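Undergrad: Mind having a look at this structure? Questions to follow.
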Amino acid sequence: MHEISGHFATIWAAVADVRGERSRQNVRMTESSPPLGTGPGVITPDGCAVDFYARITAMGEPEIVHGAIPPGSSVLELGCGTGRITHPLVALGHPVVAVDESPEMLAHVRDAGKVCARIENLALGRRFDVVLLASHLINTDDTALRTAFLAACRNHVAADGCVIIQQQAPGWFASAADAEQVRDGMIFRVRNVSRPAPDLVSATMEYVDGDRVWTHAFTARRLDDADLLAVLDRAGLRLDRYLTDDRGWLRATPARPGPTRPDQASSGSQGLAALAAEGPAAGGGAVHALYLAGVVRALGGGVGTALALECLAELALGLFQVGLGGCLLGGVLPGGLGGR
């Protein structure tokens, strides 16, 4: 597995989170709202400083993506910013279509197709070998927005393609603290770290480049294993494997025909999460069976074992309708997990 490591890793994780909190587009400013971002130059509606993002470079992300996909795969990059990941992917031989809501950000992107749009509204009418959702966009605290992001991924990935997702490494939420580092001649500071609720971290990033100073406030939500698998399932995706040791990067593949609209992804009772809420015995056991299948895949285990566990989960969901799902999973999975 790849790993983005070293002395700068903690700070860089927070930087990517703020880029994710461009995350979008979920927060719209009102006249009475405090600004999400401050500093010289253009600040996007979600608080990002265009000049700052044009200044920073990639830190191993393009290599992680490139190593997880076939050579020459077409890539749809959602939330591309100024092209920090776009440009290396193009150099590695991938045709890229880059999407961002900010025309000022897109003005810095070169040698790639460009689409100025919000991710949640995207409808290109074509599919790609790879859809990239980086910058911890999945860790937005807006559940509806997260659902819409993943629906956009599913609606634009080829049937035999994959979705590459960067999530905030689960361990970061416990270790996040005020810190300062220097990279590329700039000072990066994490300030005012707080935990306003379980599984939430809020902080302010400060970037200093000579006499220029930018700030950006953000909040990120931790997704545990069950949360991650449930949100993927609702979008018609399944975990294929983790790409880094810290589980900050993962690869997902289409699991079934995907939703055509974000509201379809969150409605109905076919998702594992919905069934888990309706009946812990069957739904909870099914989530665990699907989780075990993902673990088997992530650890390089047998595909047959993973598929068997996935089939078991699907069978449990069907039997749930006649009240037998909990019995099935309780008798098959270790420790009676289906009955928890």
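The values are calculated or read from the model by the stated rules, or taken from the named source; none is laboratory data. What you are looking at is a predicted structure, and each value in this text was computed from that prediction instead of being measured. All Cβ positions, glycine included, derive from the backbone under ideal geometry; neighbour counts span all protein chains shown. Accessible surface areas use protein heavy atoms only, side chains included; no ligands, DNA or RNA. Shrake-Rupley method; radii C 1.70, N 1.55, O 1.52, S 1.80 Å.
Undergrad: Which ones in the stretch 49-88 are farther than 21 Å from C153 by Cα and touching a Phe, Trp or Tyr at 6+ places or on another chain (Cβ under 9 Å)?
TA: Across the stretch 49-88, the qualifying residues are A49, D51, F52, R55, I56, M59.
Undergrad: Report yes if A235 is modelled with pLDDT of 95 or more and open to solvent by less than 70 Å² (accessible area, probe 1.4 Å), otherwise no. Spell out how you get there, then give the answer.
TA: Values: modelled with pLDDT of 95 or more: yes; open to solvent by less than 70 Å² (accessible area, probe 1.4 Å): yes.
Spelling it out, A235 is indeed modelled with pLDDT of 95 or more and open to solvent by less than 70 Å² (accessible area, probe 1.4 Å).
Undergrad: With respect to the numbered conditions (1) closer than 20 Å to W249 by Cα; (2) within 17 Å of the chain's Cα centre (by Cα), which one is the sole condition not fulfilled by G83?
TA: Failing condition for G83: (2).
Undergrad: Out of E77, E31, E21, E63, which single residue is of a type in the set (D, E, K, R), farther than 17 Å from M205 by Cα and modelled with pLDDT under 55? Talk me through it step by step, then tell me what you get.
TA: Details: E77 fails: modelled with pLDDT under 55; E21 fails: farther than 17 Å from M205 by Cα; E63 fails: modelled with pLDDT under 55.
The conditions single out E31.
Undergrad: Identify, by number, the condition in (1) open to solvent by 40 Å² or more (accessible area, probe 1.4 Å); (2) in contact with a helix residue (DSSP H, G or I) (Cβ under 7 Å, 6 or more places away or on another chain); (3) modelled with pLDDT under 95 that A58 doesn't meet.
TA: Of the numbered conditions (1) open to solvent by 40 Å² or more (accessible area, probe 1.4 Å); (2) in contact with a helix residue (DSSP H, G or I) (Cβ under 7 Å, 6 or more places away or on another chain); (3) modelled with pLDDT under 95, the odd one out for A58 is (1).
Undergrad: If you don't mind, another one. Say whether the condition of being part of a strand (DSSP E or B) and within 24 Å of H156 (Cβ to Cβ) is met by at least one residue in the stretch 190-206.
TA: Our first condition is that a residue be part of a strand (DSSP E or B); within the stretch 190-206, this holds for 190-194, 200-206.
From what is left, the residues that are within 24 Å of H156 (Cβ to Cβ) are none.
The answer is no, given that none of the residues of the stretch 190-206 is part of a strand (DSSP E or B) and within 24 Å of H156 (Cβ to Cβ).
Undergrad: Do we have N155 as out of contact with any Leu (no Cβ under 7 Å at 6 or more places or on another chain), modelled with pLDDT of 95 or more and assigned to a helix (DSSP H, G or I) here?
TA: Working: out of contact with any Leu (no Cβ under 7 Å at 6 or more places or on another chain): yes; modelled with pLDDT of 95 or more: yes; assigned to a helix (DSSP H, G or I): yes.
The answer is yes for N155.
Undergrad: Related question: Assess whether A148 counts as being surrounded by fewer than 24 Cβ atoms within 10 Å (Cβ to Cβ) and at pLDDT 95 or above. Before the answer, list the steps.
TA: Working: surrounded by fewer than 24 Cβ atoms within 10 Å (Cβ to Cβ): no; at pLDDT 95 or above: yes.
Taking the combined requirement at face value, the residue does not satisfy it.
Undergrad: Going by the conditions given, is D211 open to solvent by 40 Å² or more (accessible area, probe 1.4 Å), of a type outside the set (F, W, Y) and under 22 Å from the mean Cα position of the chain (by Cα)? Can you show your working first?
TA: On the way: open to solvent by 40 Å² or more (accessible area, probe 1.4 Å): yes; of a type outside the set (F, W, Y): yes; under 22 Å from the mean Cα position of the chain (by Cα): no.
Against the criterion (open to solvent by 40 Å² or more (accessible area, probe 1.4 Å), of a type outside the set (F, W, Y) and under 22 Å from the mean Cα position of the chain (by Cα)), D211 does not qualify.
Undergrad: Here's a follow-up. Is it true that D184 is at positive phi, open to solvent by 60 Å² or more (accessible area, probe 1.4 Å) and either free of Cβ contacts under 8 Å to residues at least 40 places away in the same chain or touching a helix residue (DSSP H, G or I) at 6+ places or on another chain (Cβ under 9 Å) (or both)? First the steps, then the outcome.
TA: Numbers: at positive phi: yes; open to solvent by 60 Å² or more (accessible area, probe 1.4 Å): yes; either free of Cβ contacts under 8 Å to residues at least 40 places away in the same chain or touching a helix residue (DSSP H, G or I) at 6+ places or on another chain (Cβ under 9 Å) (or both): yes.
Judged against the criteria, D184 is a match.
Undergrad: Output the residue which, of all residues in the stretch 91-106 that are in a loop (DSSP other than H, G, I, E, B) and touching a strand residue (DSSP E or B) at 6+ places or on another chain (Cβ under 9 Å), is most open to solvent (accessible area, probe 1.4 Å). Can you show your working first?
TA: Filtering the stretch 91-106 for residues in a loop (DSSP other than H, G, I, E, B) gives 92-95, 101-102.
Filter once more, so that each one left must be touching a strand residue (DSSP E or B) at 6+ places or on another chain (Cβ under 9 Å): 94-95, 101-102.
Working: H94: 3, P95: 74, E101: 32, S102: 4 Å².
So the residue we want is P95.
Undergrad: In addition: Which of the residues spanning the stretch 239-255 are assigned to a strand (DSSP E or B), over 10 Å from R154 (Cα atoms) and over 13 Å from the mean Cα position of the chain (by Cα)?
TA: D240, R241, T244, listed by residue number.
Undergrad: So in the stretch 107-133, with the set limited to residues that are without any contact (Cβ under 8 Å) to a residue 60 or more places away in the chain and assigned to a strand (DSSP E or B), which one is most open to solvent (accessible area, probe 1.4 Å)?
TA: Narrowing the stretch 107-133 to residues without any contact (Cβ under 8 Å) to a residue 60 or more places away in the chain: 107-117, 121-128, 131, 133.
Now drop any that are not assigned to a strand (DSSP E or B), which leaves 113-116, 128, 131, 133.
Values: G113: 31, K114: 102, V115: 36, C116: 78, F128: 3, V131: 0, L133: 1 Å².
Taking the candidates together, the pick is K114.
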